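The values are calculated or read from the model by the stated rules, or taken from the named source; none is laboratory data. Since the structure is predicted, the reported quantities are computational estimates derived from the model, not experimental observations. Cβ: placed from backbone, ideal geometry, glycine included. Neighbour counts: every protein chain shown. Just the protein is used for accessible areas: all its heavy atoms, side chains included, with ligands, DNA and RNA removed. Shrake-Rupley method; radii C 1.70, N 1.55, O 1.52, S 1.80 Å.
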Amino acid sequence: MKAAIIASIIGSAAAFAPSSTGRATTSISAEKSASLPFLPAPANCEGYVGNVGFDPVGFSNYFPVDYLREAELKHGRMCQLAWLGYVAVDLGMRLPGYPEALSGATSATAHDAAVEYGALGNIFVWIAFAEMAGWIGVSQMLQGSGRAPGDFGLGKKFLDGKSEAQIEQMKLKEITHCRAAMLAFSGVVTQSVLFDKSFPYF
């Protein structure tokens, strides 16, 4: 029964996947994955910076890898900011004009306090605008515009004068930090809720 429910959820999620002429073809590689040597290397991930052959579920066979990389970068960038914000609040930092109703809230309890205060509605609206604007670039990328995943035209001056190898190194650093941040944010939230303590959460 549980397997049927999980299969139906995955199947319904796949119905909303973006269509693309990009790199998303089902293929089986004879080469073994570097990170999971008991599985074949995901062939569709070849050529992407930071590829270590980690795709145990095989998402790259069903979704455009550009779309998956866009999502990875987006969530990694958000988690870098989120970790910093989460810890900063628990260290007592507040923005000027911070509502008195939320002044006693910790990062772990801020959600309920913000709902009661009515602040989350405003946050939702601004996030919705950001998502709509971001989807324009993603949609164009999936239609073959040539836009690189995660490229919003910010910070390109830091790449001026750099060789292709140096640019690849910068991209590798970013994706590595994104992956670390996703683990760090989930860890810090779990620690703060489990132990109900402020930073360093133990």
Whether the range 136-192 is rounded, prolate or oblate, judged on the alpha carbon gyration tensor where a/c under 1.5 counts as rounded: oblate
statement: Listed by chain and number, the residues whose amide H is under 5 Å from that of Arg147, excluding neighbours fewer than 5 places away on the same chain and using placed H, are none
message: If I compute solvent accessible area with a 1.4 Å probe over the protein chains, what percent of it on the range 106-148 is carbon and sulfur?
response: 67 percent
- prompt: With Cβ to Cβ distances under 15 Å as the rule, what net charge do the other residues near Gly76 carry (K, R +1; D, E -1)?
  reply: +2
- line: The aspartates and glutamates whose Cα lies under 14 Å from the Cα of Lys32, excluding any fewer than 8 residues away in the same chain, are Glu46, Asp55
- prompt: Between Tyr62 and residues 5 or more places away or on another chain, which pairs have amide H atoms under 5 Å apart, with H built 1.01 Å from N, and which residues are they?
  reply: none
Karplus-derived 3J(HN,Hα), 6.51/-1.76/1.60, for each residue of the range 162-168, Hz, glycine and proline x: 8, 6, 4, 5, 5, 5, 4
- line: For the range 160-202, the percent of accessible surface on carbon and sulfur atoms (probe 1.4 angstrom, ligands and nucleic acids excluded) is 63 percent
message: Solvent-accessible area of Arg179, probe 1.4 Å, all protein chains present, reported in Å² to the nearest ten, please.
response: 80 Å²
statement: Between Lys32 and residues 5 or more places away or on another chain, the pairs with built amide H atoms under 5 Å apart involve Ala41
- request: Mind checking the per residue accessible area of the range 47-202 for me, 1.4 Å probe, whole number of Å²?
  value: 66 Å²
